[in-house]
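Read the structure below first, then the notes.
The values are calculated or read from the model by the stated rules, or taken from the named source; none is laboratory data. Just so we're clear, the structure is a prediction, and the values are computed from it rather than from any experiment. Reconstructed Cβ throughout: ideal geometry from the backbone, glycine too, with neighbour counts over all protein chains shown. For the accessible areas, the whole protein counts, side chains as well, though only heavy atoms, and no ligand, DNA or RNA atoms are used. Shrake-Rupley method; radii C 1.70, N 1.55, O 1.52, S 1.80 Å.
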Amino acid sequence: MVRMDEIMKTYAGNIRRARQNKKVTQAVMADKIGISEKYWSDIETGRKPCSLDTLVAIANALEIEPYELLLPENKVVNYDTRRAKIVMKQLKDSFSEMVDTLGQFLEDKN
């Protein structure tokens, strides 16, 4: 079973690498999605978790799919095969559905 701290460590590292690959600062990215630079740093270093909404906003700001932030480092995904494309589409659809469900749940609470 996967633990939450493992998931946080995975997406924190992926966020950091994606941001560094784009050659932008934490301040620029934080401003782009409307959070403080301190909170961005806490997410990127794995000190604090973020909501799914924030994770999606980060992925959009980094111009990647949200599920890519959850893939373990060194996980090779072969997009050239039919099966890999199907699995990635299912993961993307499931993640989108989960975000929609969470959004609806939060709206119902207000």
_Carbon/sulfur fraction of accessible area - the chain, other protein chains in place, 1.4 Å, %_ = 52 percent
*Calculate, for Q20 and L106, the FRET efficiency according to 1/(1 + (r/R0)^6) with r their C-beta to C-beta distance and R0 35 Å; round to the nearest 0.05.*
0.65
*For the chain, what is Rg from Cα atoms divided by 2.2 N^0.38 Å, rounded to two decimals?*
1.11
*In debye to the nearest 20, how big a dipole does the chain give about its Cα centre with +1 on each Lys and Arg Cβ and -1 on each Asp and Glu Cβ?*
480 debye
*Distance (nanometres) between label positions extended 7 Å along Cα→Cβ at D42 and V99*: 2.2 nm
_Coil-residue trypsin sites (Lys or Arg not before Pro) of region 12-45, DSSP, other Cβ within 10 Å capped at 16_ = K23
*Counting alpha carbon pairs within less than 8 Å and at least 6 residues apart, what relative contact order, in whole percent, applies to region 8-47?*
51 percent
_Let me check I've understood the local charge: for M29, count other residues with C-beta under 14 angstrom from its C-beta, Lys and Arg +1, Asp and Glu -1. What total comes out?_
+2
_Starting from 0.36 nm per residue, how many nanometres of slack lie between I64 and K32 once their C-alpha separation is accounted for?_
10.1 nm
*asked:* Exposed loop sites here are GluC sites (Glu not before Pro) in DSSP loop states with at most 16 other C-beta atoms within 10 Å. What is the longest stretch of the chain lacking them?
replied: 1-62
*Can you give the FRET efficiency for M1 and K89, using 1/(1 + (r/R0)^6), R0 = 30 Å, r = Cβ-Cβ distance, to the nearest 0.05?*
0.75
*Whole number in Å², please: accessible area per residue of the chain, 1.4 Å probe, ligands, DNA and RNA not counted.*
69 Å²
